[in-house]
Amino acid sequence: MAITFPDLSTTYLGLQLKNPLVASASPLSKSVDMVRRLEDAGAAAVVMYSLFEEQITHESDELDHFLNRGNDTYAESLSYFPDLEHYNIGPQSYLEHLARLKAAVKIPVIGSLNGISSGGWIEYARHIEEAGADALELNIYYLPTDLNLSSIELEDEYVKLVQDVRAQVHIPIALKLSPFFTSLPHIARRFVEVGANGLVLFNRFYQPDLDLDELQVMPTLQLSTSDDLRLPLRWIALLFGRVQTDFALTSGVHTAQDVLKAMMAGANVAMMTSALLVHGIEHLAHVLSDLQAWMIEHEYESIAQMRGSMSQQAVAEPAAFERANYMKVLNAYNPYLH
Ligand SMILES: Cc1cc2nc3c(=O)[nH]c(=O)nc-3n(C[C@H](O)[C@H](O)[C@H](O)COP(=O)(O)O)c2cc1C
């Protein structure tokens, strides 16, 4: 009997993608050759590393306002910027590199801006569009330390930022968010109302550690494992069908099983960085072939057919995603007592 190959295609931000595997923002996109290899391995799209607000403007009043809130460490924090310059390249080179990537590959290239305040720097959204980006990912990374800054004030600022970026560009915008919102469904709805076409859940935070010998705060970058999948998985499952937008799952996508879970929760695409940094770019091709094999074995015809099939709205026990399950899980734990 002839095998019918499943249809792996999906849509994300209005883009037709050949499969749901997208390379998320990472240093891999700094090299044209790496991005070609990502395309050859089967990546359906690639998100470029971020251009940071701090790189575009050091003296923006709005940024100043944010960084100055609640502490006196702004001058000190400026000293971190040279590191950023190392991590990244300047705004003009960013745009030139984006244009080079676009010329080198056929898959969509998504530009990425990382910032927190509305201001002149967001013109770069338009420059990214002009340089040929198929969509824009806006990474809102802000760690509030001000005791007087309320969540509603902060959320209003975020919403204004999204509105302002929306007014700059015609290309689709996805918002990459942190999981640290008091009421994620509400802010997700607000973002979509002001024009976000997709939500990328979740930004992974790199938590500083303390070095006990040197008595210094150590920046640490720990790559994810598949265990990290569960936080975005739960939230996409909860939001799917209720907030009318596309979802990208980022954090913890390492295997075909992780991709399948992302799709069943309701994601349009599953994004990968850590797995590619650990196993190499060709890992993506293995995940795609495992995905196809699993779908054939389990008689799934398409990704579209499985999307959201295990979202909260679809499952027999919706409470499994909610607080009700918390008590059950804790009570079911049987400790081995000495
Ligand atoms: C070395 C490194 C650099 C990254 N650079 C960016 C970046 O420039 N912009 C961004 O939005 N995310 C960046 N990320 C986050 C990834 O895109 C991704 O969201 C995160 O690593 C979680 O996915 P993973 O579990 O597949 O690694 C970076 C991650 C790593 C490990």
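Scanning the range 235-265 for residues that are within 16 Å of the ligand (Cβ to nearest atom), under 17 Å from the mean Cα position of the chain (by Cα) and over 20 Å from Q16 (Cβ atoms) yields W235, I236, T250, S251, G252, V253, H254, D258, K261, A265.
Can you tell which of D134, D156 is of a type in the set (D, E, K, R), surrounded by 15 or more Cβ atoms within 10 Å (Cβ to Cβ) and modelled with pLDDT of 95 or more? Before you say what the answer is, go through the steps one by one.
Details: D156 fails: surrounded by 15 or more Cβ atoms within 10 Å (Cβ to Cβ).
Going through D134, D156 in turn, the sole match is D134.
Scanning the range 305-313 turns up at least one residue that is modelled with pLDDT of 85 or more, outside any loop (DSSP other than H, G, I, E, B) and either aliphatic (A, V, I, L, M) or under 21 Å from T11 (Cα atoms) (or both).
Per-residue answers, yes or no, for (1) within 25 Å of A41 (Cβ to Cβ); (2) outside any helix (DSSP H, G or I); (3) out of contact with any Phe, Trp or Tyr (no Cβ under 7 Å at 6 or more places or on another chain):
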residue	(1), (2), (3)
S224	yes, yes, yes
D227	yes, no, yes
P232	yes, no, no
V243	no, yes, yes
H254	yes, yes, yes
Q257	yes, no, yes
K261	yes, no, yes
M264	yes, no, yes
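Pick out the one residue from N268, N197, N203 that is within 22 Å of A45 (Cα to Cα), within 12 Å of the ligand (Cβ to nearest atom) and out of contact with any helix residue (DSSP H, G or I) (no Cβ under 8 Å at 6 or more places or on another chain). Show your work before the answer.
Working: N268 fails: within 12 Å of the ligand (Cβ to nearest atom); N197 fails: within 12 Å of the ligand (Cβ to nearest atom).
Unique residue meeting the criteria: N203.
Apart from one condition, E153 fits all of (1) of a type outside the set (A, V, I, L, M); (2) within 16 Å of the ligand (Cβ to nearest atom); (3) without any contact (Cβ under 8 Å) to a residue 12 or more places away in the chain; the exception is (2).
Quick check on the range 86-97. Is at least one of its residues open to solvent by 10 Å² or more (accessible area, probe 1.4 Å), of a type in the set (S, T, N, Q) and within 13 Å of the ligand (Cβ to nearest atom)? No, because not a single residue in the range 86-97 is open to solvent by 10 Å² or more (accessible area, probe 1.4 Å), of a type in the set (S, T, N, Q) and within 13 Å of the ligand (Cβ to nearest atom).
Going by the structure shown, is L161 under 30 Å from H254 (Cβ atoms) and open to solvent by less than 10 Å² (accessible area, probe 1.4 Å)? Walk me through how you get there before you give the answer.
Numbers: under 30 Å from H254 (Cβ atoms): no; open to solvent by less than 10 Å² (accessible area, probe 1.4 Å): yes.
So L161 fails the test.
With respect to the conditions (1) part of a helix (DSSP H, G or I); (2) within 16 Å of the ligand (Cβ to nearest atom); (3) surrounded by fewer than 13 Cβ atoms within 10 Å (Cβ to Cβ), H186 lacks only one, and its number is (2). Looking at the range 271-307, which of the residues that are under 23 Å from the mean Cα position of the chain (by Cα), open to solvent by 60 Å² or more (accessible area, probe 1.4 Å) and in contact (Cβ under 8 Å) with a residue 60 or more places away in the chain is farthest from the ligand (Cβ to nearest atom)? This residue is A304.
The values are calculated or read from the model by the stated rules, or taken from the named source; none is laboratory data. Please read these numbers as outputs of a predicted model, since none were measured by experiment. Positions of Cβ are backbone-derived with ideal geometry, glycine not excepted, and every protein chain shown enters the neighbour counts. Heads up: the accessible areas ignore ligands, DNA and RNA and are worked out on the full protein's heavy atoms, side chains in. Shrake-Rupley method; radii C 1.70, N 1.55, O 1.52, S 1.80 Å.
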